[in-house]
1. Can you tell me which residues in region 12-50 are at pLDDT 90 or above, assigned to a helix (DSSP H, G or I) and surrounded by fewer than 10 Cβ atoms within 10 Å (Cβ to Cβ)?
2. Against the definition (among the β-branched types (V, I, T) and at pLDDT 80 or above), how does I9 come out, yes or no?
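The values are calculated or read from the model by the stated rules, or taken from the named source; none is laboratory data. It should be emphasised that the depicted structure is a prediction, and the values quoted were computed from it without experimental measurement. Here the Cβ positions follow ideal geometry from the backbone for every residue, glycine too, while neighbour counts run over all protein chains shown.
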Amino acid sequence: MEETAVKNIVYRLKINDLQHLKTRIRDTVAMVTPNMLQAWIFVVPSREPS
């Protein structure tokens, strides 16, 4: 699951208020598995500090 996929899941429903948004974000991020994170390490290039 990449960033775009997370946004699509979070905003799939109409957000009613800030608490609803926080809940949607928390629930969606909770679906990210350690394997997904490991895969992102190899896909996302590291950024140089500015």
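1. Matches in region 12-50: L18, Q19.
2. Numbers: among the β-branched types (V, I, T): yes; at pLDDT 80 or above: yes.
Answer is yes for this residue.
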